[in-house]
1. When a/c is below 1.5 the answer is rounded, else prolate if a/b is larger than b/c, else oblate, so apply that to the range 1-143 with a ≥ b ≥ c taken from the square roots of the Cα gyration tensor eigenvalues.
2. Can you compute log10 of I(q)/I(0) for the range 52-282 with the Debye formula, treating each Cα as one identical point scatterer, at q = 0.08, 0.10, 0.11 Å⁻¹?
3. Among PRO55, PRO328, PRO18, which one shows the highest mean-square fluctuation when the chain is modelled as a Gaussian network with alpha-carbon springs under 10 Å?
4. In debye, nearest 20: dipole of the chain around its Cα centre with unit charges on the Cβ of K, R (+) and D, E (-)?
5. Among the listed pairs LYS88/LYS275; LYS217/LYS337; LYS174/LYS275, which have their C-alpha atoms separated by more than 20 angstrom in this model?
6. Tell me the accessible surface of LEU367 in square angstrom (1.4 angstrom probe, heavy atoms of protein chains only), to the nearest ten.
7. Suppose only helical runs count, i.e. DSSP H with n ≥ 4. What mean residue ellipticity at 222 nm does that imply for the chain under -39500 (n - 2.57) per run, divided by all residues and rounded to the nearest 500 deg cm²/dmol?
8. I'd like to know which of ALA282, VAL214, ALA298 lies farthest towards the positive end of the charge dipole of the chain, counting +1 on Cβ of Lys and Arg and -1 on Cβ of Asp and Glu.
Amino acid sequence: MAVTPWGPDFGRLARQDPELAGIILSELDRVAGGLQLIAAENFTSPAVLAALASPLANKYAEGYPGARHHGGCEVVDIAERTAQDRAKALFGASHANVQPHSGSSAVLAAYAALLRPGDTVLAMALPHGGHLTHGSPANFSGRWFHFIGYGVDPVTGLIDYEQLRGLARVHRPKAVVCGSISYPRHPDYAAFRAVADEVGAYLIADAAHPIGLVAGKAAPSPVPYADVVCATTHKVLRGPRGGMLLCGAELAERVDRAVFPFTQGGAQMHTVAAKAVAFGEAATPAFAAYARQVVANARTLAGGLAAEGLTVVTGGTDTHMITVDVSPLGLDGRAAKARCAAAGIILDTCALASATEPGGCVRGVRLGSAAVTTQGMGEGEMERIGALLAIALREEQSAPTTRGVRAEVRELAAAFPPCAR
Ligand SMILES: Cc1ncc(COP(=O)(O)O)c(C=O)c1O
């Protein structure tokens, strides 16, 4: 049986439910046999997994520490206060809500705290890198609010702050949202704040992606600028799947009531405890070194891809994320993703706005360095991955070189087990 990163209890599961154990082991094999470059993924530590699998999973705890609907919450109250205190200290925030079940739940709660249905919100347009919760018609956000989309300059790929300011002046939004699923550069939080102030809008930072780099002091923090910061805990931050909200004391009550009872029921206390573990890990010098390495690795990979002649959007990255325009290769994002997957390199497609094709078409792929860095890979491995990616993107799946790439990918992955050390 494969060695699992989450300890001896797996043996019990395997005996009781071999079918499910087999499925879990297959996923472990899938992950261990390839390179995981999905920018939103990471490998949590065994300590985070242990908290997730703890008896706190059994506890019902509607409400907040000291003010619960359910009895018997005295212990989980301590866990939640610990998570709140660690989050506040880590991000220098006056208030932290650690209950959102996901990043989307955190964004929903931020809107619920600050907006009324029908309000106008200015956020990054989806074809330029906005998230579903930034106004997609398929999402609650697009149905309940009036979203106006700002974008990136089609040539540089950088946020067009002049356009942002112009749209804010015309549409007078109630909130400006700063955050993206694919923007590889640091947002200028001061510029966003200035635009919001000019039109009397709230500034909501959806820092789902950069929050882990912020924790490791490898990226600027939105906390001093935004009224509310929404985040996920499972990307670079390396915690359990979940969300978080940070804000000043004056909005604390509104934010808390927007999470519970407005948009959620009982908190998931095992996840809250696992968030506390992750915040504790993220406060260490080792995590700061990890965050710096994530950025160094992404920069090296971006440089390698550019040297291979690929079109790296914005010319590089400040973060864990890289986006590549694959259209010069005669591919769309989906075909590129499939070619890479055949070679064992797992990445996402992403929409790119350009001068010739104004959004909506998936011409890009998005890569991230968080997971491979957790595995212990460094710049040398990133150079190798860049070269392998370039071959995988250029060759048909059945070509002999792709089989060669697959074997090299397997060899590289085998040397770096998929878990936090
Ligand atoms: C910018 C942004 N906001 C929100 C989310 C939503 O997070 P979740 O998938 O946990 O709901 C994501 C997820 O990738 C994201 O990138």
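The values are calculated or read from the model by the stated rules, or taken from the named source; none is laboratory data. The structure displayed is predicted, hence computed values, not measured ones. Glycine also receives a Cβ, built like all others from the backbone with ideal geometry; neighbour counts cover every protein chain displayed. Note: accessible area is taken over every heavy atom of the protein model, side chains too, but ligands, DNA and RNA are not part of it. Shrake-Rupley method; radii C 1.70, N 1.55, O 1.52, S 1.80 Å.
1. Details: a/c = 2.19, a/b = 1.29, b/c = 1.70.
Oblate is the answer for the range 1-143, as a/c is 1.5 or above yet b/c matches or exceeds a/b.
2. -0.27, -0.43, -0.52
3. PRO18
4. Working: 36 positive and 37 negative charges, 56 e Å.
Roughly 260 debye for the chain.
5. Details: LYS88/LYS275 12 Å; LYS217/LYS337 32 Å; LYS174/LYS275 31 Å.
Beyond 20 Å between Cα atoms: LYS217/LYS337; LYS174/LYS275.
6. 0
7. Values: 16 runs with 179 residues, N = 421.
About -13000 deg cm²/dmol.
8. About the Cα centre, the residue reaching furthest to the positive side is ALA282.
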